[in-house]
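We did not get these values from a lab; they are worked out from the coordinates using the rules stated. Just so it is clear, the structure is predicted and the values come from calculations on it, not from any experiment. Ideal geometry is used to build each Cβ from the backbone, glycine not excepted, and the neighbour counts take in all protein chains shown.
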Protein chains: 2
Amino acid sequence: MSALAPGSVIGILGGGQLGRMLAMAAAELGFDVHIYTPETDSPASRVAAHTTVAEYDDEAALAAFARSVAVVTTEFENVPATTAEILVFNADAVIHPNPEALAIAQDRLEEKRFFNGCGIATVPFAPVDSRADLDAALVQIGAPAILKTRRLGYDGKGQARIASLADADAAYSALAGQPLILEGFCRFEREVSLVAARSVHSELAPYDLVENIHADGILVRTLAPALVDARVQQEAVALASRVGGALGYAGVFAIEFFLMPDGALIANEMAPRVHNSGHWTQDACIASQFEQHIRAIAEWPLASPGRLCDAEMINLIGDQVNAWAALAAEPNSKLHLYGKNEIRPGRKMGHVTRLKR
Amino acid sequence: MSALAPGSVIGILGGGQLGRMLAMAAAELGFDVHIYTPETDSPASRVAAHTTVAEYDDEAALAAFARSVAVVTTEFENVPATTAEILVFNADAVIHPNPEALAIAQDRLEEKRFFNGCGIATVPFAPVDSRADLDAALVQIGAPAILKTRRLGYDGKGQARIASLADADAAYSALAGQPLILEGFCRFEREVSLVAARSVHSELAPYDLVENIHADGILVRTLAPALVDARVQQEAVALASRVGGALGYAGVFAIEFFLMPDGALIANEMAPRVHNSGHWTQDACIASQFEQHIRAIAEWPLASPGRLCDAEMINLIGDQVNAWAALAAEPNSKLHLYGKNEIRPGRKMGHVTRLKR
């Protein structure tokens, strides 16, 4: 495949806000978008030329979708392995990022092993497939620690803290029945993330490292740039370069790090997709992470990831979105709303980027 | 009506690139969009939640459209008067801009009389409804002059130059059979335009005056800002304020001026809509003209029209769009393609904004 011509159709798995913002970025570049989602009336489908509403294991629907598009991408890492297999093996689709990258990012254990295999530090961890495993892991790692499901956790879901051995039973009961991982705590100074695009020609276009502030496991604010030593930015880019290279990655990805008091970076997790901590790039960079992702998967040249001004991104979670009128009146803010029909606690409804000039 | 809540549906008459960019701006603010266009598979409908494909005189379709939306706007001034009447009288729709503004902008004669009524200078002009009228008008105005259709002219169509009296017969023959206007030439220094938003509360948010370069009657380039004396910018804003006030206008509008060697502004025409010479605002202002128009018609506070950096906008006309790959590789350029299926000579296929920092 060479550079995908405008007018081509880009397929996106998933109909949420990331798919919506990808769809609009693709349309700006002259592409049509086909959204595949089980959800009717999804945020993404309302700005896309075509939508297929079907389950992720619907072979006929997936094959028809794959045949209708030039390239398939995804807004979420938890694409079932069978979905990717159907797209690739039954319908010969081009998928970016590749299914191997998705598979690694879907499983916290594989992800940490992958990081370590790239020479990237993580917190200590151990697989937990039984109550006895948990005891052994706690001896190895010590408390406090955190027990997590290996798969399908996001926004702090599927996690239980173990402050001391006395919490082990409750934590195990809460999560047992699925593959688990015990992760050690680390006394980090800050959480930072690097969002980068990688082209099929192995170019890496990293945005500035940003600082992320979470509450209840959900991203609340991103400060761009993170106020860190230039060597920390360089190190983060070097680590991202190794990750991208090892995965043969094409598209945008994010790595979340713990920044230690001595400046060391501990990889927490990676997202093989555009990332909430990259939303500020829509308003403070010449090309947003959404445009960069479309460029990368369409095999277009990547845009510059340079930052035009400092920015702060604030998520609008649940009924915080009701502040839209006041936010729309802020002179240096850009409001982005996702078109979700229903406000629910913890649901990401929009975000606002405050620009600092 | 107070500020329209996110999730409301905004109706847009017209499915071209202006409707497309309006639709994406509306979606960013959380609105759904309903496009009304006679064109199947239009550029705008491919980024909109809903589309009605029907003619502009289809009473039933217009009434159903009007009932499905909270407010109606338009991407083009040549909305038939009957369309507006059906929307307002049959379906009680809220239309911004109001039908009176559309009616004035549809007719070059009414438009110039309106400008003069606001104390705004125009070239000399006279109505031409017969061959004898043309002779009389040429005596009054002199040659060279330009004979134009009063209605439905755009991008240089519906015009004939009269260099001397010997051209009068040919010019009249070319255009006769519809109401005409003879306009005097003026030896202007440059063509400039002012794009401004006006709120329902009479606030005016003018962007910087820009310089426009046309070829064959089609806009080729816009330079933002126009390099003019600050007094010229102030005068243009003062004239726009009079126009907006006289029309009771809500939304974005543009006035094209001839800038004379002595700094005087001669109004050429107005567009009661977002305008090609305002496309640079997408990339060089905190809020584009498209977002401003949506804010204005939704009765949201207007955003700041301040310019963040200088910019040059180049239209991609006809097969110029085939340069997309080279344009996508320019480091400080933003490429915008309209998703039009077919390249035709003179057709606006996209634009590129070069940012100057």
Of the candidates A:Ala254, A:Ala48, A:Ala325, which one comes out as most mobile in a Gaussian network treatment of chain A with C-alpha springs shorter than 10 Å?
A:Ala325
Expected sort for B:His293, A:His214 with the fewest Cβ neighbours (10 Å cutoff) up front is A:His214, B:His293
Checking the table A:Lys334/B:Lys112; A:Lys157/A:Lys340; A:Lys112/A:Lys348 against a 29 Å threshold on Cα-Cα, which pairs fail?
A:Lys334/B:Lys112
R0 = 25 Å: FRET efficiency of B:His201 with B:Cys118, Cβ-based, nearest 0.05?
0.75
Can you figure out the FRET efficiency of B:Ile343 with B:Val139, using R₀ = 45 Å and their beta-carbon distance, to the nearest 0.05?
0.50
Angle between the Cα long axis of helix B:59-68 and the longest principal axis of chain B, 0 to 90 degrees, nearest 10?
50 degrees
Given charges at beta-carbon only (K, R positive; D, E negative), |dipole| of region B:133-231 in Debye:
160 debye
Among B:Ala132, B:Gly217, A:Pro80 - extreme Cα towards positive end, dipole of the protein assembly as shown, charges at beta-carbon
B:Gly217
Quick calc, A:Asp319 & A:Asn90: beta-carbon distance into FRET formula, R0 30 Å, rounding 0.05, result 0.10
For A:Arg131 and A:Thr40, calculate 0.36 nm times their separation in residues minus their Cα-Cα distance, and state this gained length in nm to one decimal.
28.7 nm
Label zone at B:Ser2, where the point sits 7 Å out along the Cα-to-Cβ direction: region A:314-357 residues whose backbone N lies under 20 Å
A:319-330, A:343
Hey, in the GNM for chain B with a 10 angstrom Cα cutoff, which one of B:Pro272, B:Pro261, B:Pro99 fluctuates hardest?
B:Pro261
Between A:Glu291, A:Glu312, A:Glu330, which gets the highest mean-square fluctuation from a Gaussian network model of chain A, Cα cutoff 10 Å?
A:Glu330
Using the per-residue mean of other Cβ atoms lying within 10 Å as a proxy for protection, in what order, highest first, do the peptides A:89-96, A:120-127 fall?
A:120-127, A:89-96
Theoretical ellipticity at 222 nm over chain A - DSSP helices of four or more residues, -39500 (n - 2.57) apiece, nearest 500:
-8000 deg cm²/dmol
Dipole size in debye (nearest 20) for chain B around its Cα centre, Lys and Arg Cβ +1, Asp and Glu Cβ -1?
620 debye
Can you tell me the orientation of helix B:108-117 relative to chain B, as the angle in degrees between its alpha-carbon axis and the longest Cα principal axis, to the nearest 10?
90 degrees
Might you report the magnitude of the Cβ-based charge dipole of the protein assembly as shown about its Cα centre, with Lys and Arg at +1 and Asp and Glu at -1, to the nearest 20 debye?
940 debye
Only sites in a loop by DSSP and with at most 15 other Cβ atoms within 10 Å count here; which GluC sites (Glu not before Pro) in region A:86-182 make the cut?
none
Taking every residue in A:76-86, how many Cβ atoms of other protein chains lie within 10 Å of its Cβ, on average?
0
How tilted is helix B:230-247 with respect to the longest principal axis of chain B? Cα atoms for both, answer in degrees (0 to 90, nearest 10).
80 degrees
